[in-house]
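The values are calculated or read from the model by the stated rules, or taken from the named source; none is laboratory data. Source: prediction; values computed, not measured. Glycine also receives a Cβ, built like all others from the backbone with ideal geometry; neighbour counts cover every protein chain displayed. Each accessible area value is taken on the protein alone, full model and side chains, heavy atoms only, with ligands, DNA and RNA left out. Shrake-Rupley method; radii C 1.70, N 1.55, O 1.52, S 1.80 Å.
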Amino acid sequence: MNDQTQAATLRVFVALAPPDDAKRELAEELRPAYDSYPHMRWNRIEDWHITLAFLGELPSGTVPVLRSALAGLAADRRPLGLAMRGSGSFDDRVLWSGIDGDLDELYRLAADVRGVVRECGVSFVERPLRPHLTLARARRGDLTSAGEIAEGIAAFSGRGWSTERLHLVGSNAARGRGPIHYRDIEAWSFGARDSTGSRPDVR
């Protein structure tokens, strides 16, 4: 267990993460923007994720309660076929990449994750699922950069990939003015109880 669990509280969410080669493909597409927009607050590539449920600030003692329930959920679910496609911006400042593929199953997974968390007695603010990867944030007062970058990569269509694990993640957000960093508290493989060994088609 990492040093996050030593804190009295953790800022926690449940997420999926693209594989490294899919992230590298998108990072290569973003290379011109990295050079042209150095003032953007770019997320670290290793931190790219698809949030399924944002739980907020939780007492560190809540983590063990969630582990068993989320592990069981992941074990009973088959991997999803997803891909990163297109781009856009939230509130003119947050740059994101869109998600395509088994979206119906993705929404079901998110609903089941949220149900399991509630069954564990953890309360959190329900937010509509908007499948995406957050790539960068513009600085205050900059209302054009995110939109310009999004327009430049709007036609991006990444290769398909299969989800491997369900991640319980902690972050240092709201703990200072430095960059946000994310660390896995734990992650569980999908389909551990699937005796067929089959995997979904990824288009």
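Could you check how many residues of region 140-173 are part of a strand (DSSP E or B), small (Gly, Ala, Ser) and farther than 19 Å from Ala33 by Cβ?
Step one: list which residues in region 140-173 are part of a strand (DSSP E or B), which gives 157, 161-162, 165-171.
Next cut, small (Gly, Ala, Ser) only: 157, 162, 170-171.
When the remaining residues are screened for being farther than 19 Å from Ala33 by Cβ, the result is 162, 170-171.
Summing the residues that are part of a strand (DSSP E or B), small (Gly, Ala, Ser) and farther than 19 Å from Ala33 by Cβ in region 140-173 gives 3.
Among (1) touching a strand residue (DSSP E or B) at 6+ places or on another chain (Cβ under 8 Å); (2) assigned to a helix (DSSP H, G or I); (3) in contact (Cβ under 8 Å) with a residue 12 or more places away in the chain, where does Lys23 come up short?
Single failed check for Lys23: (1).
Per-residue answers, yes or no, for (1) at pLDDT below 90; (2) over 14 Å from the mean Cα position of the chain (by Cα):
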{"position": "Gly121", "(1), (2)": "no, yes"}
{"position": "Gly160", "(1), (2)": "no, yes"}
{"position": "Asn172", "(1), (2)": "yes, yes"}
{"position": "Pro179", "(1), (2)": "yes, yes"}
{"position": "Asp184", "(1), (2)": "no, no"}
{"position": "Ala187", "(1), (2)": "no, no"}
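In this structure, does Ala150 turn out to be under 23 Å from Trp42 (Cα atoms), at pLDDT below 90, open to solvent by less than 30 Å² (accessible area, probe 1.4 Å) and not aromatic (Phe, Trp, Tyr)?
Spelling it out, it is not the case that Ala150 is under 23 Å from Trp42 (Cα atoms), at pLDDT below 90, open to solvent by less than 30 Å² (accessible area, probe 1.4 Å) and not aromatic (Phe, Trp, Tyr).
Quick check on region 109-139: of everything there that is assigned to a loop (DSSP other than H, G, I, E, B), touching a residue at least 24 places away in the same chain (Cβ under 8 Å) and not aliphatic (A, V, I, L, M), which residue is surrounded by the most Cβ atoms within 10 Å (Cβ to Cβ)?
Taking the candidates together, the pick is Pro131.
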